[in-house]
Amino acid sequence: MTKTNVSALFQDAGALYDFMGHAPLDYDAGDNVSLVNLGYWKGLNAYSKKHLARSNQALFQLVCQNAQLSEKDDFVADIGCGFGNVAVLCATDFNCPSVTGINISQYQIDQSIERVERQNLQHRVAIKYMSATDLQFPDNSVDKMISTEAAFHFDSRSDFFREAYRTLKPGGILSLADMVYNQPANALERKILPHLQDGLYIPSANIYGLNEYIEKIREAGFEIMDVENITSWVRPYFRRWAFSHPVNLVINRKFSWIVSTVGFLVYPWEYIYLVAVKP
Ligand SMILES: C[S@@+](CC[C@H](N)C(=O)[O-])C[C@H]1O[C@@H](n2cnc3c(N)ncnc32)[C@H](O)[C@@H]1O
């Protein structure tokens, strides 16, 4: 049965991240890196708290490198920018002159702005309240668009693809890392999925596998440059990290949210990166 509302707990994904507050998973890692993704664990065969941070950095690097970022990119947009880490990285490590990170979590926006100010990057990095499905950028104005582990929340992801296509310049690149939730394959998965949608704000319109994902990107007008299913470098490692640090998963959470999301540790979600170009 398809859910009618996206989430019984949150009015939008911004409310979910406002609720999560500061650095939910690595709150005690003590290295001032506020993280909200599952990481790319290739080559990292260890599970200390710090390894989550390293895997997060590796995922950021992967998405930025896939976008072929450079100082020649006049305008770069990071969609669903979390705590602003990637927007800052685009400026510091890839020398991009003008980067805008967008988000609909006011808490994360405030934290991101503080991060940008701490690094004195206000002249190159802007953080704005804006939805991925209603981009306030002119047509054909963005050189590179990146989005790390956020598009599965967008209502809908296809609407975001259309907005990305409209706002990218011809030749512009869209670089994504994303979670893929296939339709449930059995009774247990059918039971779990609606709770995950509630707890993690996943619209029903985004429940499909990689083949359909690629079709939807193409329907928006993009050509695929590269796509890879990297589940084996994310899921088993993140789960192992999570089971090694159970307190990090539940600390400061409401009971109803924990119940909704516990299936996350067993649902067979997949993880991909995808790079596409606007012809
Ligand atoms: C899993 S977090 C990833 C954050 C960041 N990219 C990272 O990897 O650290 C998902 C992010 O997408 C943002 N988000 C969700 N829906 C959004 C929307 N419709 N428009 C813009 N941002 C959105 C959330 O607020 C959150 O910052």
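Read-outs: derived from the displayed coordinates by stated rules, not from any lab. What you are looking at is a predicted structure, and each value in this text was computed from that prediction instead of being measured. Don't worry about glycine lacking a Cβ; one is built from the backbone with ideal geometry, like all the others, and counts go over all protein chains shown.
Using the Cβ-Cβ distance between residue 254 and residue 185 with R0 = 25 Å, the FRET efficiency computed as 1/(1 + (r/R0)^6) comes to roughly 0.25. Please compute the modelled spin-label separation between residue 12 and residue 45, points set 7 Å along Cα→Cβ, answer in nm with one decimal. My value for the distance between the label points is 4.5 nm. Applying a 4.7 Å cutoff between beta carbons, the unpaired cysteines of the chain are 64, 81. Rounded to the nearest 500, the helix-only mean residue ellipticity at 222 nm of the chain stands at -11000 deg cm²/dmol, with each DSSP H run of n ≥ 4 adding -39,500 (n - 2.57).
The charge dipole of the chain, taken about the Cα centre with unit charges on the Cβ atoms of Lys, Arg (+1) and Asp, Glu (-1), comes to about 660 debye, rounded to the nearest 20.
With neighbours defined as other Cβ atoms within 10 Å of a residue's Cβ, the residues 154, 238 order from fewest to most as 238, 154. Write down the Å³ per residue value for the convex hull defined by the alpha carbon atoms of the stretch 53-95. Cα-based convex hull of the stretch 53-95, divided per residue, equals 66 Å³.
In terms of its C-alpha gyration tensor, the stretch 33-117 has an oblate overall shape, because the principal axis ratio a/c (a ≥ b ≥ c, square roots of the eigenvalues) is not below 1.5 and a/b does not outweigh b/c. Short-range pairs are left out: with C-alpha atoms under 8 Å and at least six residues apart, the relative contact order of the chain is 22 percent. Taking other C-beta atoms within 10 angstrom as a stand-in for reagent exposure, 131, 55 fall in the order 131, 55, fewest first. Decide, for the stretch 104-186, between rounded, prolate and oblate: order the square roots of the alpha carbon gyration tensor eigenvalues as a ≥ b ≥ c, take rounded if a/c falls under 1.5, and otherwise choose prolate if a/b is larger than b/c, else oblate. Oblate is the answer for the stretch 104-186, as a/c is 1.5 or above yet b/c matches or exceeds a/b.
Note on the chain: Rg/Rh from C-alpha atoms, Kirkwood Rh, equals 0.94. Look at the dipole of the stretch 152-230 built from charges on Cβ: of 182, 172, 197, the Cα furthest out on the positive end belongs to 197.
Counting DSSP beta bridges with both partners in the chain, what percentage is antiparallel, nearest 5?
That works out to approximately 40 percent antiparallel.
With the charge dipole of the chain set up from +1 on Lys and Arg Cβ and -1 on Asp and Glu Cβ about the Cα centre, the Cα lying farthest toward the positive end among the listed residues 232, 129, 273 is that of 232. In plain terms, the residue of 139, 12 with the fewest other Cβ atoms within 10 Å comes first and the most crowded comes last, giving 139, 12.
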